[in-house]
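These notes are about the structure you will find just below.
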Amino acid sequence: MQILITGGTGFIGRRLVARLLSKGHRLTVLSRRDAEDVHRLLSNEVKSVKSLSAVNPAVAFDAIINLAGEGVMDERWTSFRKSQLLNSRITLTSELVDLIERMENRPRCLISGSAIGFYGGRDDAVRLDESSGAGNDFAADLCLRWEQAARRAEGLGARVCTVRTGVVLHPEGGALHKMMLPFRLGAGGPLGSGKQMMSWIHMEDMVNTLIFLLENDSAKGVFNATAPEAVSNKDFAVALAGVLNRPALLKMPAMVLKCLLGESSEMVLKGQNVYPERLLAEGYQFTHPQLQPALTQLINAV
């Protein structure tokens, strides 16, 4: 396939690009980086473009995978930062659909990112599937508007899959990378009460999910990209400490996190028990469905 990818140099995107190239697909990657940097990070086999306006509408893409977006937890949520988060997702996705509308041969498929933040921060362990409603906080509104922007491509004949991603586990980035050092030093433990639910997914399953949706012509609509075994934050801390052969005794008080992170602290002090019902119904089989073996594999692979 000829595939256009946004966010291809990111945490998930780099690994997805490598897998797609290994399968023989031809890739164009949208990135603000110089072409030399893109080729160094990914491969000389990819074509790099810096803006959607540089994409020739006459070029026929079979599919578009939209993973672009500023890191939600990278900075404190000031008004300016919230604007950046919205623009990096909603504005870019809207511009991407505008490009699809201009294309002479429109792609058959658009796979567009979202997040389980759609469901809002929860204090309970009620299981949520794709039919569950949106939350009422900033993260939920961000995801809702992001998905709405992507869904407009349905009217242009594309099969649209929106992927609500959980906490993606890989030691080279994301939440697990940030947790590794304190846990290795024996200073890890639950955040806040530790009762909040964590819906996670191994990086291999994250990449496999995107490829599965790309190749499965019957798949469309919303899909939760989470392992079928959500755990409490406390259980996650105990599992990670166990794999590292360290204790998990030092709690991070909620008040400290609120002082450090501000409004975005709700992302870690509250959680969601998200279940991948539609993904399983389509026939996807998880390589890493359980947390302890998943963490063991990831950490031993370092």
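Of everything listed in (1) surrounded by 16 or more Cβ atoms within 10 Å (Cβ to Cβ); (2) within 30 Å of S193 (Cα to Cα); (3) not hydrophobic (A, V, I, L, M, F, W, C), the single unmet condition for K82 is (1). Note on the stretch 217-302: enclosed helices (runs of 4 or more DSSP H) holding 1 or more residues that are under 30 Å from L144 (Cβ atoms) and aliphatic (A, V, I, L, M) are 254-261, 266-269, 277-281, 291-300.
Among strands (runs of 3 or more DSSP E) entirely within the stretch 26-69, having at least 2 residues that are in contact with a helix residue (DSSP H, G or I) (Cβ under 9 Å, 6 or more places away or on another chain) and closer than 12 Å to G7 by Cβ singles out 26-30, 63-66.
Starting from residues that are in a strand (DSSP E or B) and of a type outside the set (K, R), keep the ones in the stretch 70-123 and report whichever is nearest to S218 (Cα to Cα). Spell out the reasoning first.
Taking the stretch 70-123 first, the residues in a strand (DSSP E or B) are 109-115, 122.
Now restrict to residues that are of a type outside the set (K, R): 109-115.
Details: C109: 11, L110: 13, I111: 13, S112: 16, G113: 18, S114: 20, A115: 22 Å.
Restricting to residues being in a strand (DSSP E or B) and of a type outside the set (K, R), the top hit is C109.
Looking at G166, G117, G174, G133, which is the one that is within 22 Å of Q290 (Cα to Cα) and surrounded by fewer than 20 Cβ atoms within 10 Å (Cβ to Cβ)? Walk me through how you get there before you give the answer.
Details: G166 fails: surrounded by fewer than 20 Cβ atoms within 10 Å (Cβ to Cβ); G117 fails: surrounded by fewer than 20 Cβ atoms within 10 Å (Cβ to Cβ); G133 fails: within 22 Å of Q290 (Cα to Cα).
That would be G174, the only listed residue that is within 22 Å of Q290 (Cα to Cα) and surrounded by fewer than 20 Cβ atoms within 10 Å (Cβ to Cβ).
The C-beta contact set for the stretch 123-146 (first residue within 11 Å of Y275 (Cα to Cα), second residue crowded, with 16+ Cβ neighbours inside 10 Å and of a type in the set (G, A, S), distance under 9 angstrom, 6+ apart or interchain) comprises V126/S132; R127/A230; L128/S199.
Looking for something assigned to a strand (DSSP E or B) and under 15 Å from I64 (Cα atoms) - is there at least one such residue anywhere in the stretch 162-180? Yes.
Could you list all residues from the stretch 55-84 that are at pLDDT 95 or above and among the aliphatic types (A, V, I, L, M)? Passing the criteria: A63, I64, I65, L67. Evaluated against (1) out of contact with any Ser or Thr (no Cβ under 8 Å at 6 or more places or on another chain); (2) modelled with pLDDT of 95 or more, G221 falls short on exactly one condition, (1).
The values are calculated or read from the model by the stated rules, or taken from the named source; none is laboratory data. Since the structure is predicted, the reported quantities are computational estimates derived from the model, not experimental observations. Here Cβ is always computed from backbone atoms with ideal geometry, including for glycine, and neighbour counts include all displayed protein chains.
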